[in-house]
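Novice: Starting off with a structure, shown below.
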Amino acid sequence: MARSPLKIVLTVLVLMVAWMMLTLRTDIDGLVQEIIAGALIALALGIFLSGILPDAGEGNPVKRILMFFVFLLIFFKEMILANIDVAFRVLHPKMPIKPGIVEVKPGMKSDMGKMILANSITLTPGTLSMDYIDDSLFIHWISVEDDPEEAMKPLDKAVKEVFP
Amino acid sequence: MNELVFIALATLMFILMIALAVMVIRSKDLIKAAILLSGVSLIASFVFVLLRAPDVAMAEASIGSALTAIILVFAIKKTNRFEEGGEEK
Amino acid sequence: MIAINVIIGMVLIIIGLSFQVLGALGLIRLPDVYNRLQAATKSITLGAISIAIGVGVMDPTLLTKAILVAVFLLITNPISSHAIARGAYRSGVPLWKGSVVDKYGPALERKEREVKE
Amino acid sequence: MMERTTFHRSLPAIALALLFAATLFVAFVEVDFGEPRIEEELPVNYQPGEEIDTENITTPGLRYLANSSEETGSANLVTAVVVNYRGFDTLGEVTILFLAATGVGALLSFIKDDDEKKKKKILPPSLILNKGARLVLPLIILFGVYVFLHGHLSPGGGFQGGVIIASGMLLFYIAEPTKGASHKVISIIESTAGLAFIGLGIVGLMTASKIFLANDFAGDWGEVGMLVSAGLLPLIYIAIGFKVGSEMTGLVEKMRGDGS
């Protein structure tokens with residue numbers, strides 16, 4: 001949980017964007033006031049709270065931000081597929097399920113990456129992340145495959161590019 | 001809002017609230033009762049939105065359904081989970 | 001004549017609602033807590049996001065707030081379902097009898113023994 | 001849960017509750033919330049926000065509705081009433097909350113945690129919940145600040161914003177059972193915010209109207225609807241937000257005990 005200056009700057013920027021999204025206005029005077037207030041608040045929160053944010057790993061920031069959008073694309077595609085999958089399983093008269101809890105080993109080291117991977121696994125087809133025990137992730141799988149690691153590869157790779 | 005829609009929604013919410021409140025009273029498991037109570041608060045906050053009182057709805061949603069439930073759960077954890085005559089684990 | 005953004009918003013809201021209904025159906029039909037959570041989390045997250053964005057499209061002044069709500073839901077919903085699943089397993093809710101494999105139980109026992117020593 | 005044998009005993013109570021609910025419902029349907037209730041007192045062709053002659057008006061609600069944005073500079077009528085017209089009551093309300101939190105702390109200080117419970121080793125908290133709570137906590141606090149800073153513009157205010165911040169801290173406590181904000185910091189924030197509230201009241205004593213908690217700068221700072229407007233109202237709401245937030249956080253912290 002090192003507090004590098006880059007991390008504080010990024011936190012302040014994200015909080016600032018969130019503030020502007022909350023207080024969007026069209027008149028110039030009001031906008032200027034909101035920007036000043038938002039900058040002060042984001043600065044204070046960023047300096048005080050960037051220490052508690054999870055460790056995000058290290059790497060080239062520009063490349064990681066670009067890869068984040070690639071990850072978002074993959075993630076949204078998987079999420080829509082997941083919903084169609086749920087619809088198919090629920091509406092199918094025989095309910096083709098073969099559930100079980102399997103173990104996979106994610107490739108990333110940073111805590112943030114592990115958390116994001118677990119979250120996106122929960123929202124992708126047929127899987128629900130249960131728990132981390134010593135670096136291995138336990139997944140409840142609605143129809144267990146022979147090689148769960150292989151099925152996780154694309155998502156794991158995408159998250160690893162962003163949060164190594 | 002359409003008067004009829006308003007009446008239908010409000011009636012539904014009131015019936016749900018009463019049903020949940022009865023379940024809270026009759027539950028022997030106190031943690032279950034605390035969670036159901038937070039459900040009552042959530043529906044109450046929706047009713048406040050229907051009655052055009054968003055300020056009260058915000059207070060009700062955050063105090064009633066989040067803080068009260070957790071404080072009750074913390075309090076129950078310090079004593080017994082089940083009421084007298086209830087099932088023991 | 002209805003404006004085009006209202007129509008798009010309505011379509012998004014209807015899609016979201018139908019996903020929510022499917023999630024609720026899954027909650028009834030599937031056999032155990034973990035399978036039900038799967039159906040519920042996925043369809044309710046996408047359904048709620050779709051409804052939020054739909055409202056944002058219908059009223060463009062709310063769009064940024066709707067996106068913020070969607071981001072918040074995307075972070076918090078999977079976390080809460082994970083917490084429910086973990087809590088259920090650790091307080092002894094069994095898997096469905098048709099389950100084929102359970103690697104979590106032994107690992108959890110091993111870890112608990114380690115912590116106690 | 002619902003034993004059939006005792007169900008008939010609660011039937012009268014249920015019937016009574018239904019009757020009560022029906023009465024309330026009828027009462028609610030009759031009331032036009034948010035609309036001026038006594039239309040006879042309104043001038044012909046009245047538009048909301050238009051200034052009317054308060055001499056002939058006897059209904060306080062109508063008077064607030066017509067003149068609040070002029071007199072207090074607040075775009076949110078509820079805030080105008082809670083902090084300006086009924087500011088003294090709000091001070092009392094905050095004091096009651098403070099007393100409740102203090103009382104809980106005093107009661108719980110008699111209960112000693114048994115040492116065996118402390119020694120019992122538990123599994124560390126789940127990594128996903130822990131990191132997720134850390135990730136969303138700044139966002140929740142930002143939203144709480146937004147709610148109490150915009151109390152005079154949009155629904156919400158000091159109480160709501162403070163409670164939102166407290167529930168964010170509660171999430172952090174659940175995710176991180178062994179850590180938390182120190183009691184000292186919480187009580188310092190709480191007392192400073194309380195003093196600020198009283199201080200803003202004394203400002204009212206020193207300005208033109210010489211009344212405790214008067215809002216004499218209402219028209220001077222900015223137009224209605226701006227972030228900087230409504231005189232002292234936003235400052236009072238900031239003080240209330242910090243006070244309620246720290247009080248509720250302290251309450252939860254006390255109830256939680258030591259990591260159990």
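A short reminder: the numbers here are calculations on the coordinates, not readings from a lab. Computed from a predicted model, the values in this text were never measured in an experiment. Don't worry about glycine lacking a Cβ; one is built from the backbone with ideal geometry, like all the others, and counts go over all protein chains shown.
Novice: May I ask for the angle, rounded to the nearest 10°, between helix A:28-49 and the longest principal axis of chain A, with both axes built from Cα atoms and the value confined to 0 to 90°?
Specialist: 60 degrees
Novice: With a cut-off of 8 Å between alpha carbons and a minimum separation of six or more residues, what is the relative contact order of the stretch D:75-256 in percent? Walk me through the numbers on the way to the answer.
Specialist: On the way: 238 pairs, mean separation 54.5, N = 182.
Contact order relative to length: 30 percent.
Novice: Putting +1 on Lys and Arg Cβ atoms and -1 on Asp and Glu Cβ atoms, find which of D:Ile186, D:Phe148, D:Met206 reaches farthest to the positive end of the dipole of the stretch D:140-254.
Specialist: It is D:Ile186.
Novice: Can you compute the modelled spin-label distance between C:Met10 and D:Arg9, with each label point 7 Å from Cα toward Cβ, in nm?
Specialist: 5.5 nm
Novice: With each pseudo-label sitting 7 Å past Cα toward Cβ, what's the C:Glu114-A:Lys63 distance in nm, one decimal?
Specialist: About 3.2 nm separates the two model spin labels.
Novice: Per the helix-only calculation at 222 nm, which mean residue ellipticity applies to chain B, given -39500 (n - 2.57) for every DSSP H run of n ≥ 4 and division by its residues, nearest 500 deg cm²/dmol? Write down the numbers at each step before the final one.
Specialist: Values: 4 runs with 62 residues, N = 89.
Computed mean residue ellipticity for chain B: -23000 deg cm²/dmol.
Novice: Pop the C-beta distance of D:Glu70 and A:Ala39 into the FRET formula with R0 = 51 Å and round what comes out to the nearest 0.05. Don't skip to the answer; put the middle values down first.
Specialist: Values: r = 32 Å, r/R0 = 0.62.
Step by step, r from the Cβ atoms, then E = 0.95.
Novice: Equivalent ellipsoid semi-axes for the protein assembly as shown, as square roots of 5 times the alpha carbon gyration tensor eigenvalues: give them largest first, rounded to whole Å. All intermediate terms of the calculation are to be shown ahead of the outcome.
Specialist: Details: eigenvalues 364, 181, 161 Å².
Ellipsoid semi-axes (Å, largest first): 43, 30, 28.
Novice: If you line up the long axis of helix C:104-116 against the longest principal axis of chain C, both from Cα atoms, how many degrees apart are they, to the nearest 10?
Specialist: On a 0 to 90 degree scale, this one is about 60.
Novice: Could you please state, rounded to a whole Å, how far the C-alpha centre of the stretch C:1-59 is from the C-alpha centre of the stretch B:1-74?
Specialist: Cα centres, the stretch C:1-59 to the stretch B:1-74: 23 Å.
Novice: If I fit a long axis through the Cα atoms of helix A:61-91 and take the longest principal axis of the Cα atoms of chain A, what angle between them do I get, 0 to 90°, rounded to 10?
Specialist: The two axes meet at around 40 degrees.
Novice: Among C:Asp59, C:Asp102, C:Asp32, whose mean-square fluctuation peaks in a Gaussian network model of chain C (Cα, cutoff 10 Å)?
Specialist: C:Asp102
Novice: Rounded, prolate or oblate: pick one for chain B, where a ≥ b ≥ c are the square roots of the eigenvalues of its C-alpha gyration tensor, a/c under 1.5 means rounded, and failing that, prolate if a/b is larger than b/c, else oblate. Don't skip to the end; give the middle numbers.
Specialist: Values: a/c = 5.74, a/b = 1.91, b/c = 3.01.
Oblate, because a/c is 1.5 or more while a/b does not exceed b/c.
Novice: I've got another one for you. Give B:Lys32/C:Lys116; A:Lys77/C:Lys65; A:Lys160/D:Lys131 a once-over and call out the pairs whose C-alpha atoms are over 19 Å from each other. Could you put the intermediate results ahead of the total?
Specialist: Values: B:Lys32/C:Lys116 30 Å; A:Lys77/C:Lys65 23 Å; A:Lys160/D:Lys131 17 Å.
Flagged as over cut-off: B:Lys32/C:Lys116; A:Lys77/C:Lys65.
Novice: Within chain B, which complete DSSP H helices have Cα atoms spanning at least 20 Å along the helix axis and a mean Kyte-Doolittle hydropathy of -1.0 or higher? Write out the running numbers ahead of the final one.
Specialist: Working: long enough: B:3-26 (35 Å, 2.48); B:30-50 (30 Å, 2.35).
Membrane-span-like by this criterion, though nothing is claimed about a membrane: B:3-26, B:30-50.
Novice: Along the charge dipole of chain A, pointing to its positive end and built from +1/-1 on Cβ of Lys, Arg, Asp and Glu, which listed residue (A:Phe76, A:Val144, A:Met112) has its Cα farthest out?
Specialist: So the residue furthest toward the plus end is A:Phe76.
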